[in-house]
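Quick notes on the structure that follows.
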Amino acid sequence: MIVQKEIDVHEPLTAEQKKMLKKAKERPIEFDDDSRELTDEELSEFRRVSEMRKEERRKQTVTIRLSSKALSKARSLGKGYTSVLSRMLEEALDDNDLIRRCL
């Protein structure tokens, strides 16, 4: 039997909703053909997406000379501005027209 209820996550839970969730938590998981339990071997093949792209996201430390105007604008972006600069630079380097205009 499938029971479907909507809960507004922006509102506090009612006593009835709390009771319903507690009851659901106590029920056993029922696997079927569409959602069978995975074997240990299958589970071992799972990887976090963040781990798979870790090398791609790894940053290198470099020294770059910026004009005072560029540095001031970058710092005005607030905490994490170097990450924003990195993403902007990646985007810019993919744009051949922009590269030609800046040469």
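Coordinate-derived values only; no laboratory data. For clarity, every value in this text was computed on a predicted model and none was experimentally measured. Note: ideal-geometry Cβ built from the backbone for every residue, glycine included; neighbour counts use all protein chains shown.
If we only count helices (runs of 4 or more DSSP H) wholly inside segment 46-101, which ones have 2 or more residues that are among the aliphatic types (A, V, I, L, M) and free of Cβ contacts under 8 Å to residues at least 12 places away in the same chain? Spell out the reasoning first.
Values: elements: 49-52, 54-57, 68-75, 81-93.
Where helices (runs of 4 or more DSSP H) fall fully within segment 46-101 and carry at least 2 residues being among the aliphatic types (A, V, I, L, M) and free of Cβ contacts under 8 Å to residues at least 12 places away in the same chain, they are 49-52, 68-75, 81-93.
Going by what's in this entry, would ARG27 be described as among the charged types (D, E, K, R), exposed (fewer than 10 other Cβ atoms within 10 Å of the Cβ), free of Cβ contacts under 8 Å to residues at least 60 places away in the same chain and closer than 27 Å to GLU6 by Cα?
Working: among the charged types (D, E, K, R): yes; exposed (fewer than 10 other Cβ atoms within 10 Å of the Cβ): yes; free of Cβ contacts under 8 Å to residues at least 60 places away in the same chain: yes; closer than 27 Å to GLU6 by Cα: yes.
Answer is yes for this residue.
When you look at LEU66, is it under 24 Å from the mean Cα position of the chain (by Cα) and either surrounded by 10 or more Cβ atoms within 10 Å (Cβ to Cβ) or of a type in the set (Lys, Arg) (or both), yes or no? Full working, then the answer.
Values: under 24 Å from the mean Cα position of the chain (by Cα): no; either surrounded by 10 or more Cβ atoms within 10 Å (Cβ to Cβ) or of a type in the set (Lys, Arg) (or both): yes.
Criteria not met by LEU66.
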